[in-house]
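Notes to accompany the following structure.
The values are calculated or read from the model by the stated rules, or taken from the named source; none is laboratory data. This one's a predicted model, so the numbers in the text were calculated from it and none came from an experiment. Here the Cβ positions follow ideal geometry from the backbone for every residue, glycine too, while neighbour counts run over all protein chains shown. Only protein heavy atoms, including side chains, enter the accessible area calculation; ligands, DNA and RNA are left aside. Shrake-Rupley method; radii C 1.70, N 1.55, O 1.52, S 1.80 Å.
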Amino acid sequence: MIRRRRRSAGAVMSLAVLAAICLPAALFHLKRSDTDDASRNHRHLSILAQRKDDQHIPNDEVILSLLKAFDENGAPIPPTQISPYTLDDVISILPTFEAVFGVVIYDPSTDKFILHYSNNMRWKGGCHKLVGSFQTLAHSLRTMFPERFATGSGQPELALAIASGDYPEVNLGSASSFATIRRNRNCFIEGTSACVPSDLAPVLQFGSAFKSPKIFPSMIAMPMPQNNHVACFETYAAHQEICRMHLPRDKYSPRGLVFEETVGVGWDDLIPSVVWRGTDFSYLHRFYPRLRQPDFEMDIGSKLEMIRSKLSKPPATHLTTIMSHDNVKVAATLAMREVYDQLIPRWRSVIWTAEAEREAEEKQKALPKDSKEVVVPWANMKFASAMHAGFKTPPSKIPYYQEFEEHGIPAGGEGMSLETLARYKYHIDIGGGGGTTWSGTLEKLGLPGLLFHHETPMKDYLHDKMVKWFHYVPVKEDLSDLKEKFDWAESHPELAKQISDNATRLVKSLGTQEGFSIMFNEFYETPLRSVVEAYQPLTKRDSGGLDAMVNNDLRPIMQCSGYYSHDCQGLVDDVTFTRAAQHARDFERSERRQ
């Protein structure tokens with residue numbers, strides 16, 4: 001569970017104001033410059049690096065130095081260093097994972113790439129991401145290294161480990177040993193030491209990976225199994241074409257990225273609020289099992305009833321007006337703040353929004369009646385959808401969210417396109433099930449506003465290109481410093497705009513041959529080449545034991561030739577390979593229960 005922290009000054013002030021007013025009774029591509037400048041930049045970067053995950057605000061001099069230190073390509077990624085490994089080493093990784101982990105073997109005798117899954121691992125819904133990653137990997141390996149996988153070339157087999165999912169499904173220990181599970185959870189969260197053997201064979205993690213390299217030293221963060229990530233790298237490998245989803249949005253690229261020129265709204269005209277829209281989803285549940293969504297009756301309803309009970313007792317006097325509609329909203333907001341530390345980050349953002357709306361309401365009331373000024377809440381973070389009966393549904397159609405709304409907790413909000421989001425000055429990429437947001441970070445870096453990046457124990461491959469205070473402003477995992485960072489940005493508009501512009505340049509570079517080729521080399525070609533070249537094939541004497549070694553622990557579930565995208569076939573019929581098939585099977589099972 002996330003450690004309890006002191007409330008930020010902003011939060012304390014907000015609560016004090018609310019209570020007093022309304023409830024009185026209740027690297028890095030360094031630019032070539034002179035030696036002094038380079039030394040100063042390195043010194044400042046070293047200071048920031050030593051602070052690890054500290055998100056406090058540096059002084060203006062440090063930020064200005066950072067703003068001069070990088071070009072549009074962001075931080076370069078050092079070459080992947082991989083020790084030689086064997087098939088036996090790959091199989092030895094199996095106990096480290098609980099699910100969504102596979103062993104890929106290229107069999108030269110059949111000229112096929114074969115995905116194997118452990119007989120001891122359960123097949124779960126997220127495995128469709130593993131399957132999709134394998135299909136993409138097979139095609140890319142064949143395309144990028146044709147000589148290594150040429151028919152009849154006499155090349156040996158290849159074995160490599162891949163994993164996928166919202167986050168690595170690592171083994172936390174036996175369910176009978178709670179102390180072991182808790183110790184392992186803390187290890188994976190804190191990131192101060194290795195949580196798995198440091199000499200494991202490499203694991204290609206197609207999805208969010210652990211941010212600290214100490215946790216799982218041999219894990220390599222690969223592009224996520226999504227159309228705007230790994231599919232773009234697959235396209236570039238095959239055709240050297242830039243993915244349309246990385247180009248500016250227009251009639252030819254309707255799913256492209258949105259920039260300032262797309263909407264025609266400049267920095268000074270942006271709405272000064274922190275905006276977020278997304279899905280109400282869990283947050284790293286295996287590592288933070290006690291974080292939860294709020295329970296209306298327990299967290300708000302019972303407390304309001306207690307207040308009503310006290311107010312019903314004489315003397316009534318001025319207290320008869322305390323439980324008016326507005327004051328019910330304030331009471332509910334205060335009640336939610338009391339359970340802030342127990343909730344998942346996305347619901348914590350809703351609490352900030354509720355407090356911002358209460359403050360804005362009071363400021364609006366204080367204006368002259370004939371004033372045309374509209375006070376805009378500094379926070380506008382709400383759910384645009386939630387999973388309901390297996391489908392994403394607007395919160396307005398779900399009773400659970402309606403109850404919060406009726407009491408002034410703005411859980412649900414209208415959906416927003418990227419063009420609408422682009423009209424706001426501040427954005428945040430609040431982590432979901434895997435601790436990150438796969439599409440949001442890339443998209444929001446390109447918008448004309450400033451990104452408050454949610455720092456969590458997890459990272460996506462793209463995060464390695466991003467530099468705090470150069471491309472984004474970091475925000476703590478518990479969001480406790482969000483108001484402080486907003487206030488800083490409002491009081492430092494020029495620095496905030498420079499950071500935003502740097503982020504936009506980074507994203508725009510992905511839509512160019514030069515920029516994307518750098519990303520492709522660093523995050524795709526180099527790690528794949530390193531893994532392929534580090535593999536030590538079986539000798540002729542023991543090659544006959546390949547099938548025996550595999551079949552004892554694994555079973556083949558899918559094979560691909562890799563000559564075309566998705567030229568694959570399933571080898572078993574007791575698992576589902578796509579999300580649609582999984583939904584169909586779940587629906588069929590639910591029908592049988594009725």
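If you go through region 541-551 one residue at a time, do you hit one that is at pLDDT 95 or above and among the β-branched types (Val, Ile, Thr)?
Quick first cut of region 541-551, residues at pLDDT 95 or above only: none.
So far as region 541-551 goes, no, none of its residues is at pLDDT 95 or above and among the β-branched types (Val, Ile, Thr).
Could you list all residues from region 271-291 that are among the hydroxyl-bearing types (Ser, Thr, Tyr) and either at pLDDT 95 or above or in contact with an Asp or Glu (Cβ under 7 Å, 6 or more places away or on another chain) (or both)? Even if it seems obvious, please write down each step before you answer.
Filtering region 271-291 down to residues among the hydroxyl-bearing types (Ser, Thr, Tyr) leaves 273, 279, 282-283, 288.
Answer for region 271-291, where residues must be among the hydroxyl-bearing types (Ser, Thr, Tyr) and either at pLDDT 95 or above or in contact with an Asp or Glu (Cβ under 7 Å, 6 or more places away or on another chain) (or both): Ser273, Thr279, Tyr283, Tyr288.
Just wondering, is there one or more residues in region 165-178 that are at pLDDT below 95 and assigned to a helix (DSSP H, G or I)?
yes
Among the residues of region 165-179, is any more than 15 Å from Pro457 (Cα to Cα), surrounded by 22 or more Cβ atoms within 10 Å (Cβ to Cβ) and not hydroxyl-bearing (Ser, Thr, Tyr)? Steps first, answer last, please.
First, pick out the residues of region 165-179 that are more than 15 Å from Pro457 (Cα to Cα): 165, 171-179.
If we keep only those that are surrounded by 22 or more Cβ atoms within 10 Å (Cβ to Cβ) as well, we get 165.
This time we only want the ones that are not hydroxyl-bearing (Ser, Thr, Tyr), so: 165.
Yes: region 165-179 contains one or more residues that are more than 15 Å from Pro457 (Cα to Cα), surrounded by 22 or more Cβ atoms within 10 Å (Cβ to Cβ) and not hydroxyl-bearing (Ser, Thr, Tyr).
Can you tell me which residues in region 401-423 are open to solvent by 30 Å² or more (accessible area, probe 1.4 Å) and touching a Leu at 6+ places or on another chain (Cβ under 7 Å)?
Arg423
Could you tell me whether Ile220 is of a type outside the set (Asp, Glu), open to solvent by 10 Å² or more (accessible area, probe 1.4 Å) and in contact with a strand residue (DSSP E or B) (Cβ under 6 Å, 6 or more places away or on another chain)? Walk me through it before giving the result.
On the way: of a type outside the set (Asp, Glu): yes; open to solvent by 10 Å² or more (accessible area, probe 1.4 Å): yes; in contact with a strand residue (DSSP E or B) (Cβ under 6 Å, 6 or more places away or on another chain): yes.
Yes; evaluated as a whole, the condition is true for this residue.
Output the number of residues of region 255-282 satisfying the condition of being surrounded by fewer than 16 Cβ atoms within 10 Å (Cβ to Cβ) and within 29 Å of Asn521 (Cβ to Cβ).
Residues in region 255-282 being surrounded by fewer than 16 Cβ atoms within 10 Å (Cβ to Cβ) and within 29 Å of Asn521 (Cβ to Cβ): 2 in total.
Please pick out the residue among Phe391, Phe404 that is more than 22 Å from the chain's Cα centre (by Cα) and among the aromatic types (Phe, Trp, Tyr). Show your work before the answer.
Working: Phe391 fails: more than 22 Å from the chain's Cα centre (by Cα).
Checking each option against the conditions leaves just Phe404.
Which one of Arg142, Arg122 is buried (at least 21 other Cβ atoms within 10 Å of the Cβ) and charged (D, E, K, R)?
Numbers: Arg122 fails: buried (at least 21 other Cβ atoms within 10 Å of the Cβ).
One residue alone meets the criteria, Arg142.
Please determine, by comparing only the residues of region 352-400 that are closer than 27 Å to Lys485 by Cα and among the aromatic types (Phe, Trp, Tyr), which one is most open to solvent (accessible area, probe 1.4 Å).
Of everything passing the filter in region 352-400, Trp378 is most open to solvent (accessible area, probe 1.4 Å).
Of all the residues that make up region 318-328, how many are open to solvent by less than 30 Å² (accessible area, probe 1.4 Å) and either at pLDDT 55 or above or at positive phi (or both)?
2
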